[in-house]
Every structure is written in structure tokens, then in C-alpha cells.
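First up is the structure itself, then whatever we jot down about it.
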Amino acid sequence: MKSYIAEFDTKEKPKDYYNKLLENLKEKNRELNAFNNFNDSLHGGFPFSVKDNICVKGVESTASSKILKTYKPPFNATVVERLQKNNFGFLGKTNMDEFGFGSFGINCEAPAHNPFNSDYVAGGSSSGAAIATAILKYHVAVAESTGGSISSPAAFCGVVGFTPTYGVVSRNGLIDYANSLDKIGFMARSAIDVRKVLNMSTGRDTKDTTSLDVRLTDEPKIQFSVINQLMNGLDGKIRSAFDKFLEKLKGMDYKVNYVDLKEIEAAIPAYYVISAAEASTNLARYTGFKYGFKVNDFSKKYNDFFTEARKQFGAEAKRRIILGTFVRSASVKNRYYIRALKVRAMLNEKMRRILRESFIVSPTMPITTPKIADIEKLSPVQNYALDILTIPPNLCGLPHISFPYDYIGGMPIGAQVIGEHFNDYAVISFVENWERKFKYKFRYNIGAL
Amino acid sequence: MKIGLEVHVALPTKTKLFCSDSTAETKEPNSQICPICVGFPGSRPVLNKEAVRVAKSIAIALNCSVKDKISFIRKVYFYPDLPKSFQITQLSESIGSEGSIELEKKKIRIRRIQIEEDPAQIIREGGYTLLDFNRSGTPLVEIVTEPDITTEEELRETVFTLRTILHYQGVDVNQEIKTDLNISLAEDRVEIKNVTGIKNLIAAAQYEIARQGAIIEKGGVPEKETRSFDAASGTTKASRKKESEEEYGFIYEPDLTVYDTKNLAENAMRIPTKIARDLAVKHNANYKTILELIAFDTGALNLISTFEDEFSFNTIIASLEIMKRFGEPSNSNVFKEILNLTDQKIDITREVLKKIKSGDKVEIKKFSESQIDETIRKMLNSDATIVEKYKKNKNVVNFIIGTISKKYGIQPREAAVRVESVINKL
Ligand SMILES: [Zn+2]
């Protein structure tokens, strides 16, 4: 349990500290593709990076999409403002799967590489945020999760990734993927640093109607529930590592029990239906003349004009637009979109029942870190199936945290703990406890003092 | 014949529906815009409560049931004036439903009243399509009626009645009201989209009634289709045919939470149709006359309330009509003088009105018809032969007419009428 933020504040920095930091970081970035751009005028504060789908005033914010190239928002996201007020210094925008569409950080122009071995994926969609956290000693990442975009890369890159209760951190300034599911969260090298930035970022924001003004709690749980259905699809190595982890928990005086939740299998289709439906409406605004990529041939009819612009979308974005437009169309809406909303409400109820008495724990990802080349071979459906562990808490807006608990073949693996709505600090507290038992290994310490 | 309307009116709020930009008129294009009403990525809507409050008032004024909890939806379509390529509007959880517009003799049912955002303004100029986003995000209500209108006369009365009710809710009824209307003389609905202004609405309906009537007369059946109205030629034209039903792919607007309308205080419920009806019953007067006087003139209504106990209702109505005839605003402080004169059956001319307005009231006020007659009688009495002479030559009373006209500030012709009537009564 170490706070890098506290340590940084007390240590004296060399005069050209930030210049050196940026120089070394840019060098490493050529290999890993963690950052889309850097803030060369950074000269003070605790460095924080911002996922590229979160607006920073005057800084190109593209959500790693070609269609948003040159978009410099005229305003800051609320979370960016709040951190800057707390003497944090903006470092740069981090790479991601285009608009958040992906779990491995490869659905973009410059695929992200795992800092432990660059043949492997970094996870996604907040790939750059996780890499930055893994390679920078003093840094926190502002990231975002819709269906697991914080947990997945945090697990693959061996850092702490925290996703708060839906509505706890303002989404003002977030370039939307699926508004009813999107949550801004954080990555750090320790749980206590997550706690610190969360504390600075919460609170009602009049610019986001869905942002809440609630006091987050820190009520510990001794019980950990494992959902049987989620254990079925685990890779063998992950399964045995996770079983060992559960034994360690018992050794720390926690209790582990197994529960059934058959309906959890409906989480993936429900998630993909709702998120694609919302995404397809959010992406409708990219028509090529107000911001970002511009079609300059004004002799075209409007339909041809915006169709030309929308060729800039990557394959996965196009797939989700088509899927999302289909599931909300009048003839099938009840069968897909409306039904998915009902599944979400039902699962929410079932999850909450389990969470009243316990945390829910699982591995973060069902597989060991895959190679980039292997993921490229998967079909979209195989790809989506790998989100089974991260989707349930995201679909239900529950606070959850992924943290490293072991290493397989030199690559970190992560576990995920889910808590009740608004008991956000409790899952962070648990990881603070875990960190007393288990020391993370970081391969790089760029910016070390 | 069946006609139904979808009427769009801008709400009288200072700021837009989802951002804090002004809704005031401005000449400079794109001067009242922000990331929200231009749909920049990262921005999100924040609901203007005042717009909901006014919309709630309108819903109540139109006899709708008002939902305690309302929500918004996204209506997705691609058009250059639509910054997000979806419009935030309402459907099943709209502010009002199942209301009515009460005409003199029937009710036109209202299906739904919904709050929505106005798109940007398209300006076609020199071969270009220009966009002015000042209008983008202006709060609108869309009032959807059932197809209960069955004659052109009813259409006019519906529009008139709706406008007066909206006027009493503070809506600027001189704005260019945009209407979609559906007209079916036979089985299938013909929709005419986006008709601007009341005049065009009537003209579009007239043309369409004639067009469909002609088809039926020839033994044909008007096709189900969407048409547009061309104001220059006064005709409707078939719009480009679509292969399928319009598909808007509605989903809930996830950036706005369900909004509780219970605590919104509605406007004072002054409903001109009800007021006119009550006054007509109370004073045994004509409903239509009253409604026409107060329809777009709350000042007239205030004058009625102020003087209702002091003067006879007929005098008040007659006085208001005089004001209207001379284009006097109904808040005028000369109204009491006019009431007095009307009460004394003094014919008010432009001359008289000028005098009243210049503050020269007392003189006029003094002389009622009976006072004038009294003076005439006195002058006649001073010459015992004059009546006899008059029977042979009417010119003998010319000097009396001249004197009366001058003294009382009335037209010589009117003075002559008075003199003649006094002589006849002798
Ligand atoms: Zn605005």
C-alpha cells in the first residue's frame, strides 16, 4: 500500500524533470503506442493522462478515430478540470480502441502493445491508459469503461483499474460510446492512489444530468461470492491461478462461497444490444462538416456527403453502427432493444441480491494475455464472448476494481472485485489490503525520482 | 373528410431547451451557439426547466392529462440542419396526452403534446446550403391532434382557437408556426409536411381538398403519400417516394433522467375559450363576439374585468369594438371616457377620439344626447314660427344645426338628424 502521489509531492524534482519525462516517454511510446499526443508544455503537478475519448480543451481528442482527426474541443471534461484544480498536470491523450469498441486495444490505427512483451495485447479499450500506468512511476490515468474497458487493460498490463458506480463521476466531456453504460474511472499503480483521484473527481456536476450527489461508502465485506457460471469458460491456467488466489483470500480471513446465477449468460447479448443501439445514435453525428474529418466537396448531395465522411470509421465501428441501427428499428425493437433493457433490470436485481452480503470476485479476463496476431484471427462473436467477466458489473453500473494477483509466464493476470452501488471505497479498501500481501512488479519506471 | 394537425410552436423561454444560449432574435448568424446546440462530441444536454413548466401549462390549458414523470427519446435521421443527426423529443412519456381544443360546437381531440428541440435554420443562397445554428435547440412543443377536423371552416376555427389559447400562455402567436397536416377524403392519409405559417396551412388544405376531391370525382382513390406545399404556386407536390415506412429508430435519451413535473408551478390558467363562454352565459351575450375581442388581446379582457360591475356588458362590448375599429390599444386610459360616451349613446368619431386622447374630455363628457336635444328645443322655442317655416323650407334650421355642431363637436349631418328628431317629437 504505497501512494505514489504522496511520495511525489514530498520529493524534490530536478529542474528539467518534466522535459526528461516527456522525452523518455516519447521514446518508449514509439514501441508501445500508448499515447496519441503529449502535452509539451507540462511543467508542474502530478502527471495524469487522459483517455482520448475525454475532452481536453484545445487538445486534439479523437477517441482514436480517423473521423475525429483535428477535433480540438473548446472545453474541458469536468473530470479534467477537477484534477487540474488539485494540482495534477495533464500529460497527454492515451490510445484506445476506436470509440471504445474493443477489448484488446487493436481496433485503431496504431495498435497498442503490452509493456511486458510487445507481441502481446495491452487489453482495451483503455489500452494506452493501462500501458502508461505500467511504464510511468508517478502517474494516474483517467480512463473510461463501457463494458470492461478499464478492467481488461488493467489486468493485462498489471495495474489497478477502478470503474466507479454509474453516475458517480461526471461524463461531461466524454465522447460518448453508450451513455447509459459509460463510466469514467481511473488506473494507478496502487489502490490508495485510485482512492485519492476518485475523491477529487466525484460530486454532482450540473453539466451531466445523470451525475449523482451521493456520499460513497466504505463498508467492508468479509464474504466473497464466486458465480459458478462464470467459472465454466475459464482457461485452465487462469482457473488454477484463480483457485490459488481464493485460497490466499481464505488465509486473509475472508470467506469464499459459490453461487449460481444462470441468467448471467444473458449479460453479453443484452450488453451488445444496448451499447450498439446507443452507439449507433451517438455516431450518427459524424457527418464530416462541423468538426473532425471534413469532406470538402460541397457539390455533393447531403447523403453522398456524409456517406463519404463515414468511410473514415473503422470496421468495428461500422459493425456496431449496423448492429445498433438494426436492433432499434421498429420491426425488431421489442425483440432486441426493449428486451435487453429488461434483461439489464433483471440482472441488476439478481446481482444486488448477491452483493448485499458479499463482494463478487472473478478473474478479470477468462484467458491469459493473448498475442496480437491471435486476437486478429478471432471472429467478432468469439471476441465479444471474452467480455463475459467484465460485462455484468458494467451492465449493472456496479463499482468494480481489477488488480494484479499473479503472473503467468512473466505476464501479469488480474482479478476483479465487484461491490454494491455506491460502496465504491470498499472495493478499493480491499485491494489496499491485498497489496500488503502481494507486491506488483513493474517493468519500467519512467520518471522515477 | 378528416384532417389532423401536428403544430410546432416555439416556447417563450429566454434560453434554449438544452443549453444556456439565448433564444432572442439576432441578425448575426451562428452568434448564439455553443458545443451543446451544435452537437460537439463530449457535450450533453441539460434540460431547461422553464420550458417544461410552460409546456406543462399549455398541456393543462388544452385539457391534457399531464404526466408526473416525463422522459425524452432520440429520433434519428440524417439532415444537415440536425446537428447530432438525432432530435431529442418525446413519445409515450410526453408532457401531455388526451386533451382537446374546444371549438364553439365541437371538440377536436389532442393525442399528445411533446417537448422537442428545433433544428438549425437552412438558408439556400447562391447554390449553397448555409446553416444558422442560432435556432438550433430552441424549445418547441408539438401539438398532435386526432383527425377530427371535418371542414375547412373547422380547420380555421381550430387554428384560431389553438392560437388564442397559446397566446394566453405567453406564446408568441405571430411566429411562423410550422405544421404537418394529414388530410384524407377517402381511406388513406395524405400527409403534407412542414407548412410554414397559418395562411399557407389553409391554402395547402384547400388545394389538397380540391385535388383529392377531383380524383374521387373521376372514380379514383387518393394514394397514401407524403406531399409538400409550395407557397409560390399554392400547390402540393408528392415528395420523393420511400421504399419503406419512415424509420427513426427511437431509443431513450440516456443523457436525460426521468424528469418529475409535479413541482412545476403552472401559469395562471386563463383560458380564453372558457372565459368567453362564462361571460356569454353570465351576460347573455354572444360567445363568438367576446372571444374575438379577447382572443389576442388580454388587455381587452382586463378592461372587461375592471368595468364589468360599473357598466352594462353591452356598453363594454360596444366600447371595445369602438377601440378595435380605431385601432386603439386596449390598455388605453381613455377607455373609461369611451365607456361613458357609449353609455350615453354618443357616437364616437375619430374627431371625438382625438379630443378624448388630448385630455379634452370634460367638454364632451358633459353632453349627452338628451342635453343636445334640450339645447335644440330651447333654440326652437325662441322663435314661435320656426316649426311652421321648417315644414316649407328645411333650410331655416341651418343656423341651429351649425351652432349645435360647433358647440358639441359633432358632425353637421348628425346635428341635422338630432334637430329633425326634436322637431318631430314636438
Ligand atoms: Zn447552445
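The values are calculated or read from the model by the stated rules, or taken from the named source; none is laboratory data. Just so you know, these numbers come straight off a predicted model, no measurement behind them. For neighbour counting, all protein chains shown are included, and Cβ atoms are generated from backbone atoms with ideal geometry for every residue, glycine included. To get the accessible areas, we keep the full protein, side chains included, count just its heavy atoms, and leave off ligands, DNA and RNA. Shrake-Rupley method; radii C 1.70, N 1.55, O 1.52, S 1.80 Å.
Counting only other residues whose beta carbon sits under 12 Å from that of A:THR364, what net charge do I get with K and R as +1, D and E as -1?
On the way: positive: none; negative: A:ASP387, A:ASP406.
The answer is -2.
In vacuo Debye scattering of segment B:272-358, one point per C-alpha: log10 I(q)/I(0) at q = 0.10, 0.14, 0.17 Å⁻¹?
-0.22, -0.44, -0.64
Nearest 20 debye, what's the magnitude of the dipole of chain B about its Cα centre given +1 on Lys and Arg Cβ and -1 on Asp and Glu Cβ?
That gives chain B a dipole magnitude of about 1540 debye.
Need the per-residue list for segment B:28-61: every residue with at least 30 Å² less accessible surface in the complex of protein chains than in the chain by itself, probe 1.4 Å, sorted by number.
B:PRO35, B:PHE40, B:PRO41, B:GLY42, B:ARG44, B:VAL46
Chain pair B, A: how much accessible area is buried, both chains summed, with a 1.4 Å probe, in Å² to 100?
2800
Which whole-angstrom value gives the distance between the alpha carbon centres of segment A:123-180 and segment B:277-356?
Value for the Cα centre distance between the two parts: 71 Å.
Helix-only mean residue ellipticity at 222 nm, chain A, DSSP H runs n ≥ 4 weighted -39,500 (n - 2.57), per residue, nearest 500. What is it?
When only DSSP H runs of four or more count, the value is -10500 deg cm²/dmol.
Suppose we keep just the DSSP beta bridges with both residues in the protein assembly as shown; what percent of those would be antiparallel, to 5?
On the way: 82 of 103 bridges.
Bridges in the protein assembly as shown that DSSP calls antiparallel: roughly 80 percent.
What figure in square angstrom, to the nearest 10, would you give for the accessible area of A:GLU27 with a 1.4 Å probe?
110
Along the positive direction of the dipole of segment B:337-426 (beta-carbon charges: Lys, Arg +1; Asp, Glu -1; about the Cα centre), which of B:ASN398, B:ILE372, B:GLN411 reaches farthest?
Most positive-ward Cα: B:ASN398.
Round to a whole number: what % of the accessible area of segment B:272-358 belongs to carbon and sulfur, probe 1.4 Å?
Within segment B:272-358, the accessible surface is 46 percent carbon and sulfur.
Ratio of Rg to Rh for segment A:36-147, alpha carbon only, Kirkwood? Before the final figure, lay out the partial values.
Working: Rg = 13.2 Å, Rh = 13.9 Å.
Rg/Rh: 0.95.
Please report, in debye to the nearest 20, how large the charge dipole of the protein assembly as shown is about its Cα centre when each Lys and Arg carries +1 at its beta carbon and each Asp and Glu carries -1 there.
Using only the charged Cβ atoms, the result is roughly 560 debye.
Could you do me a favour and compute the accessible area per residue for the protein assembly as shown, 1.4 Å probe, result in Å²? Please list the in-between numbers first.
On the way: 37350 Å² over 875 residues.
Value for the protein assembly as shown: 43 Å² per residue.
Work out the charge dipole of the protein assembly as shown with +1 on the Cβ of Lys and Arg and -1 on the Cβ of Asp and Glu about the Cα centre, then indicate which of A:ILE408, B:SER332, B:VAL144 is farthest towards its positive end.
B:SER332
Return one number: the angle in degrees, 0 to 90 and rounded to the nearest 10, between the long axis of the Cα atoms of helix B:369-381 and the longest principal axis of the Cα atoms of chain B.
Once rounded, the angle reads 20 degrees.
Once phi is turned into ³J(HN,Hα) by the Karplus curve 6.51 cos²θ - 1.76 cosθ + 1.60 with θ = phi - 60°, what whole-Hz value does each residue of segment B:277-294 show in order, with x for glycine and proline?
The phi angles translate into 4, 4, 5, 4, 5, 4, 10, 6, 10, 8, 4, 5, 4, 4, 4, 5, 6, 9 Hz.
List the pairs from A:LYS93/A:LYS441; A:LYS11/A:LYS441; A:LYS342/B:LYS67; A:LYS183/A:LYS318; B:LYS27/B:LYS107; A:LYS350/B:LYS56 whose alpha-carbon separation is above 29 Å, in the order I gave them.
B:LYS27/B:LYS107; A:LYS350/B:LYS56
Take the Cβ-Cβ distance between A:GLU31 and B:GLU28 as r, set R0 to 60 Å, and report the resulting FRET efficiency rounded to the nearest 0.05.
0.75
How big, in percent, is the set of alpha carbon pairs in chain B lying more than 29 Å apart? Could the numbers behind the result be given before it?
Working: 54198 of 90525 pairs.
Everything past 29 Å amounts to 60 percent.
Work out which GluC sites (Glu not before Pro) in chain B are exposed loop sites (DSSP not H, G, I, E or B, at most 16 other Cβ within 10 Å) and give the longest gap free of them.
B:311-426
Evaluate peptide A:169-175: per residue, the Cβ atoms of other protein chains within 10 Å of its Cβ; return the mean as an integer.
Per residue, the number of nearby Cβ atoms from other chains is 3 on average.
Going by Cα centres, segment B:1-57 and segment B:124-172 are how many Å apart?
One Cα centre to the other: 14 Å.
What is the sum of charges, Lys and Arg at +1 and Asp and Glu at -1, for the other residues whose Cβ falls under 15 Å from the Cβ of B:SER312? Mind showing how you got there, number by number?
Values: positive: B:LYS282, B:LYS336, B:LYS345; negative: B:GLU308, B:ASP309, B:GLU310, B:GLU321, B:ASP343.
After counting each charged neighbour, the total is -2.
Using Cα atoms only, what is the angle between the long axis of helix B:152-167 and the major principal axis of chain B, expressed in degrees (0 to 90) to the nearest 10?
With both axes taken from Cα atoms, the answer is about 90 degrees.
Rounded to whole Å and sorted largest first, what semi-axes of the equivalent ellipsoid does the C-alpha gyration tensor of the protein assembly as shown yield via the square root of 5 times each eigenvalue?
On the way: eigenvalues 1116, 162, 124 Å².
Here the semi-axes work out to 75, 28, 25 Å.
In deg cm²/dmol, rounded to 500, what helix-only [θ] at 222 nm does chain B give when every DSSP H run of at least 4 residues adds -39500 (n - 2.57) and the total is split over its residues?
Value at 222 nm, helices only: -11500 deg cm²/dmol.
With a cap of 14 neighbouring Cβ atoms within 10 Å, and only residues DSSP puts in a loop, list the trypsin sites (Lys or Arg not before Pro) found in segment A:9-100.
Answer in residue order: A:LYS11, A:LYS15, A:LYS69.
Of all GluC sites (Glu not before Pro) in segment A:243-316, which ones are in loop regions per DSSP and have a Cβ with at most 13 other Cβ atoms within 10 Å?
Passing both the DSSP loop test and the Cβ count: no residue.
Mind checking the angle between helix B:398-408 and chain B's longest principal axis? C-alpha axes, 0 to 90 degrees, to the nearest 10.
Approximately 50 degrees, to the nearest 10.
Evaluate the charge dipole of chain A about its Cα centre and quote only its size in Debye, nearest 20, assuming +1 on the Cβ of each Lys and Arg and -1 on the Cβ of each Asp and Glu.
Details: 60 positive and 46 negative charges, 97 e Å.
In total the dipole reaches around 460 debye.
For segment A:222-367, report the translational diffusion coefficient in µm²/s to the nearest whole number, using Stokes-Einstein at 25 °C, 0.890 mPa s, and a Kirkwood Rh over Cα pairs.
Rounded, D is 131 µm²/s.
With a 1.4 Å probe and every protein chain kept in, tell me what percent of the accessible surface of segment B:1-131 is carbon plus sulfur.
Here it works out to 50 percent.
Where the centre of each part is set by its Cα atoms, how far does segment A:261-332 sit from segment A:334-391, in angstrom?
That distance is 22 Å.
Test of the criteria: in segment A:313-410, which chymotrypsin sites (Phe, Trp or Tyr not before Pro) are in a DSSP loop and have at most 14 other Cβ atoms within 10 angstrom of their Cβ?
none
Residue by residue through segment A:69-80, what is 3J(HN,Hα) from phi via Karplus (6.51 cos²θ - 1.76 cosθ + 1.60, θ = phi - 60°)? Round to whole Hz and write x for glycine and proline.
3, 6, 6, 10, x, x, 8, 8, 4, 4, 5, 5
For segment A:318-393, give the percent of accessible area contributed by carbon and sulfur heavy atoms, probe 1.4 Å, rounded to a whole number.
56
How big is the Kirkwood radius of chain A, worked out from every pair of different alpha carbons and given in Å to one decimal?
Here the Kirkwood hydrodynamic radius works out to 21.7 Å.
In chain B, if the dipole is taken from +1 on Lys/Arg beta carbons and -1 on Asp/Glu beta carbons about the Cα centre, which of B:LEU291, B:GLN212, B:SER22 is farthest to the positive end?
Working it through, the farthest residue towards the positive pole turns out to be B:LEU291.
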